[in-house]
Amino acid sequence: QVQLVESGGGLVQAGGSLRLSCVGFGDSFSIWAAGWYRQAPGKERELVATITAGFSTNYLDSVKGRFTISRDNARSTVYLQMNRLEPEDTAVYYCTRGSFSGATYHPTGRWGQGTQVTVSS
């Protein structure tokens, strides 16, 4: 059974970095795509980054050049390296397992509890 657990969040000053990790993808992780979402208070949840089974990546425009998604299939782990953080990046970050239909990412299964990222100005 898939039970995703995110970690690595925290409080950081603007310009700082954090690395989020996500484990719990279960068996056959290598055939799945994965994605990170975030949700800030009072805002809609947004898709931040995705990575396909073939390691192709895609990013929300506002994080391009600052965030990097990666995966380690041997450890069934997905990472989100976040550099040059801005106060606008403050949110709860969630990882997901999913698949693509054309260019559209579809998360599947139960979501984890998320990890809080707070960026102070």
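Confirm whether Val78 is part of a strand (DSSP E or B), closer than 17 Å to Trp32 by Cβ and open to solvent by less than 20 Å² (accessible area, probe 1.4 Å).
yes
I need a count of the residues in region 73-114 that are polar (S, T, N, Q), within 10 Å of the chain's Cα centre (by Cα) and more than 15 Å from Thr52 (Cβ to Cβ).
1
Does Thr68 satisfy the criteria of being modelled with pLDDT of 95 or more and open to solvent by less than 40 Å² (accessible area, probe 1.4 Å)?
Judged against the criteria, Thr68 is not a match.
Take region 85-102 and flag every residue that is surrounded by fewer than 14 Cβ atoms within 10 Å (Cβ to Cβ) and either touching a residue at least 24 places away in the same chain (Cβ under 8 Å) or closer than 12 Å to Tyr37 by Cβ (or both).
Passing the criteria: Pro87, Glu88.
So which residues in region 18-29 are out of contact with any Ser or Thr (no Cβ under 6 Å at 6 or more places or on another chain), open to solvent by less than 60 Å² (accessible area, probe 1.4 Å) and not aliphatic (A, V, I, L, M), if there are any at all?
Cys22, Gly24, Gly26
Please count how many residues of region 37-60 are closer than 16 Å to Gly114 by Cβ, open to solvent by 40 Å² or more (accessible area, probe 1.4 Å) and touching a Ser or Thr at 6+ places or on another chain (Cβ under 7 Å).
Matching residues across region 37-60 total 0.
Specify which of the listed residues (Arg66, Arg84, Arg75) is under 16 Å from Leu4 (Cβ atoms) and either touching a His at 6+ places or on another chain (Cβ under 6 Å) or not aliphatic (A, V, I, L, M) (or both).
Exactly one of Arg66, Arg84, Arg75 is under 16 Å from Leu4 (Cβ atoms) and either touching a His at 6+ places or on another chain (Cβ under 6 Å) or not aliphatic (A, V, I, L, M) (or both), namely Arg75.
If you scan region 81-113, which residues turn out to be charged (D, E, K, R) and either in a helix (DSSP H, G or I) or within 23 Å of Val12 (Cα to Cα) (or both)?
Scanning region 81-113 gives Arg84, Glu86, Glu88, Asp89.
The values are calculated or read from the model by the stated rules, or taken from the named source; none is laboratory data. Every value quoted in this text rests on a predicted model; they were computed, and no experiment measured them. Note that we place each Cβ from the backbone using ideal geometry, even for glycine, and neighbour counts take in every protein chain shown. For accessibility, only protein heavy atoms count, side chains too; no ligands or nucleic acids. Shrake-Rupley method; radii C 1.70, N 1.55, O 1.52, S 1.80 Å.
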